Amino acid sequence: MSFLGPAEWQAVALSLRVSLVATLASLPLAIAVAWLLARKRFPGHSLLSGIVHLPLILPPVVTGYLLLQTFGTRGPVGSLLQPLGIVFAFRWTGAALAAAVMSFPLMVRAIRLGFEAVDPRLEQAAATLGASRPAIFLTVTLPLILPALVAGATLGFAKAMGEFGATITFVSNIPGETQTMPTAIYAFLQSPGGDAPAMRLVMISIVIAMGAVILSEMLARRTARK
Amino acid sequence: MSMLDARFTHRFPGLDLDIAFRAPAGITALFGPSGCGKTTTINAIAGLLRPDRGHIALEGCVLFDSDRRVNLPPRARRIGYVFQDARLFPHMTVAANLRYPSRFRRGAARDFDRVVGLLDLGPLLDRRPDTLSGGEKQRTAIGRALLSDPALLVMDEPLAALDRARKDEIMPWLERLRDEVRLPILYVSHSTDEVTRLATTLVLIEAGRVAHAGPLDEALADAAIGPHLGTREVGALVSARIGATEPDGMQRVLTDAGPMLLPPTGLPEGRELRLRILAHEIILAREAPLGLSALNILQAQVTQVQGGFVQLRAGQALLLAQVTERSVAALGLTPGASCHAIVKSAAIVRS
């Protein structure tokens, strides 16, 4: 790829890896939380909803700082995970964690709307036809929320690609390890002669964002037709 | 032998349910006004609602027993449920909807070809539910329920959402179901017409209680129970056989209530059929009437009087006539009195 310099290419590849891992790893949890919020009434419902939405409302720097305090090598969770070989601080995995936390509320919101649109009477009908609860979820509920799932994942991926504040606060801006496209653009703009590489990264960002939206619309149309 | 034995109580805001009935083979109609607890009753039987107390058993297998803490989930009850709104899976074709139960119940698909043939679903198999008419949806839903290998079929007003033409389209399929599939059916309805055409047993539900349960024929001819089915719609069912055709085209019909003449029916001589004689289509006279345009005058004897409803025995059959209470008094219509029943019209309900 001659259009991009090695540092820029590194940032693009890292951004894609971080965003994909963040989206795919948090999707099952997002489905579970969306299902809980859409279908169950329990004590602490509002509290769970509030906690899930917190990263959307808090300044990203605050989220990044809280992640650093919790998952840093001396943090309560980070110090427990370190002996197991799982380290987040100043690693690309930390960038993925920050991206996942920041995009989580958007994914949950989109998927929750999907669950709320599924007619529970269809699930009741499936039960009378011999399906167990897990079978009903897999054969009726999940296929019906597929468009919402695709929308939530795309939204989450786009948010992860653009995540800046929490990432730079939590894992800093280390080229090749934690320098994603937004933090790379920021770094280029801070250095003399960085305008041209910054501009190239900006263009790549736009192409990837547009590509993700178009792909998700195509997938949603296909699942709607099915 | 009774196939279904259901007795339970359940408290709702605004309605106390206290239901007890047995359903034999054939179609058992749960009849009553809206909000009386019909749908709740079949939901409890199908396991979609857990009653407060009670006992529900199907062919000797206990589905629910509050004392013994038995409460089988819907999937373990083998009860096919046809909902008023069909509830087909929108992301599957008709064929996939029909085959859905066979994913969970071994042997559920063995009747596929027979059910598809019975309900004429062949031309619909590749279609999606959103392209089906209301009648086609309901036929598919009936097929799907039949293909779940059920021991009992429950139907919640399967015709209520359809217009007149679609109702007439589905009704013959339900009659075939009754006559060809040896499966007990619980049929929820508030339409006297449907119940009269389809049911063999009647369970009358009023304000959460079973007001009457028994064979439909007896209920339709009972002066105390019949009127609950609607004073304008109630009428006795009489078995009959088509006789010779008169030179003017009128057809002789040998009924259990006596010989009658009907306008051309198009049915061949010897055909067995059932006639429905609406209570308000019968006029009563103590003396043999003369100079009447009505052709069918049956000798009868009063057996029961309730308000303006008079039950009569004519030949082998029981009839129900609706007159005014003033006429009951003026004619002295008391049990034992003999009279003449002038039948203005009779409708064929089953042939």
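Identify all residues within segment B:66-77 that are surrounded by fewer than 21 Cβ atoms within 10 Å (Cβ to Cβ), part of a loop (DSSP other than H, G, I, E, B) and either touching a Pro at 6+ places or on another chain (Cβ under 6 Å) or at the interface with another protein chain (Cβ under 9 Å from one of its Cβ atoms) (or both); write none if there are none.
The answer is B:PRO73, and nothing else.
Considering only residues that are within 19 Å of A:SER172 (Cβ to Cβ), under 18 Å from the mean Cα position of the chain (by Cα), touching a residue at least 12 places away in the same chain (Cβ under 8 Å) and open to solvent by 60 Å² or more (accessible area, probe 1.4 Å), which ones fall in segment A:35-84?
Result: A:PRO59, A:VAL61.
Quick one: which strands (runs of 3 or more DSSP E) lie wholly within segment B:219-289 and hold at least 1 residues that are of a type outside the set (A, V, I, L, M) and either farther than 15 Å from B:LEU312 by Cβ or not assigned by TED's automatic domain parsing to the domain that holds B:THR192 (or both)?
Passing ranges, in order: B:235-245, B:251-255, B:258-262, B:272-278.
Kindly indicate whether any position in segment A:137-156 is surrounded by 23 or more Cβ atoms within 10 Å (Cβ to Cβ), away from chain B (no Cβ under 14 Å), touching a residue at least 12 places away in the same chain (Cβ under 8 Å) and not in a helix (DSSP H, G or I).
no
One line per residue, one yes/no per condition, for (1) of a type outside the set (D, E, K, R); (2) modelled with pLDDT of 90 or more:
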residue: B:ARG144; (1), (2): no, yes
residue: B:VAL188; (1), (2): yes, yes
residue: B:ASP193; (1), (2): no, no
residue: B:ALA199; (1), (2): yes, yes
residue: B:ALA207; (1), (2): yes, no
residue: B:VAL238; (1), (2): yes, yes
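Write out, first by first residue and then by second, each pair whose Cβ atoms fall under 6 Å of each other, whose residues are 6+ apart or on separate chains, and whose first residue, in segment B:173-186, is in the same structural domain as B:PHE21 (by TED's automatic domain parsing) while the second is surrounded by fewer than 12 Cβ atoms within 10 Å (Cβ to Cβ) and among the aromatic types (Phe, Trp, Tyr).
If the second residue must be surrounded by fewer than 12 Cβ atoms within 10 Å (Cβ to Cβ) and among the aromatic types (Phe, Trp, Tyr), no pairs are left.
Filter segment A:1-59 down to residues that are assigned to a loop (DSSP other than H, G, I, E, B) and aromatic (Phe, Trp, Tyr) and give me whichever is modelled with the lowest pLDDT.
Here the residue is A:PHE3.
Tally up the residues in segment B:81-99 that are within 7 Å of chain A (Cβ to nearest Cβ) and either farther than 14 Å from A:ALA126 by Cβ or under 29 Å from the mean Cα position of the chain (by Cα) (or both), please.
4
Kindly evaluate B:LEU333 against the criterion of being farther than 19 Å from B:VAL238 by Cα, of a type in the set (A, V, I, L, M, F, W, C) and at pLDDT below 90.
Spelling it out, it is not the case that B:LEU333 is farther than 19 Å from B:VAL238 by Cα, of a type in the set (A, V, I, L, M, F, W, C) and at pLDDT below 90.
Within the group B:LEU183, B:LEU153, B:LEU162, which residue is open to solvent by less than 40 Å² (accessible area, probe 1.4 Å), among the aliphatic types (A, V, I, L, M), farther than 12 Å from B:ILE27 by Cβ and not in a helix (DSSP H, G or I)?
B:LEU162
Condition check: in contact with a strand residue (DSSP E or B) (Cβ under 9 Å, 6 or more places away or on another chain), among the β-branched types (Val, Ile, Thr) and part of a loop (DSSP other than H, G, I, E, B). Does B:THR303 satisfy that?
Against the criterion (in contact with a strand residue (DSSP E or B) (Cβ under 9 Å, 6 or more places away or on another chain), among the β-branched types (Val, Ile, Thr) and part of a loop (DSSP other than H, G, I, E, B)), B:THR303 does not qualify.
Which condition breaks for A:ARG109 when tested against (1) open to solvent by 50 Å² or more (accessible area, probe 1.4 Å); (2) in a helix (DSSP H, G or I); (3) over 24 Å from A:ALA209 (Cα atoms)?
(3) is the only condition that A:ARG109 fails.
If you check B:LEU30, B:LEU48, B:LEU63, which single one turns out to be outside any strand (DSSP E or B) and either within 14 Å of chain A (Cβ to nearest Cβ) or open to solvent by less than 10 Å² (accessible area, probe 1.4 Å) (or both)?
Being outside any strand (DSSP E or B) and either within 14 Å of chain A (Cβ to nearest Cβ) or open to solvent by less than 10 Å² (accessible area, probe 1.4 Å) (or both) holds for just one of B:LEU30, B:LEU48, B:LEU63, which is B:LEU48.
In a helix (DSSP H, G or I), more than 13 Å from chain A (Cβ to nearest Cβ), of a type in the set (Asp, Glu) and open to solvent by 50 Å² or more (accessible area, probe 1.4 Å): does that describe B:ASP113?
The answer is yes for B:ASP113.
The values are calculated or read from the model by the stated rules, or taken from the named source; none is laboratory data. Given the structure is predicted, the values throughout are model-derived calculations rather than measurements. Glycine also receives a Cβ, built like all others from the backbone with ideal geometry; neighbour counts cover every protein chain displayed. Accessible surface areas use protein heavy atoms only, side chains included; no ligands, DNA or RNA. Shrake-Rupley method; radii C 1.70, N 1.55, O 1.52, S 1.80 Å.
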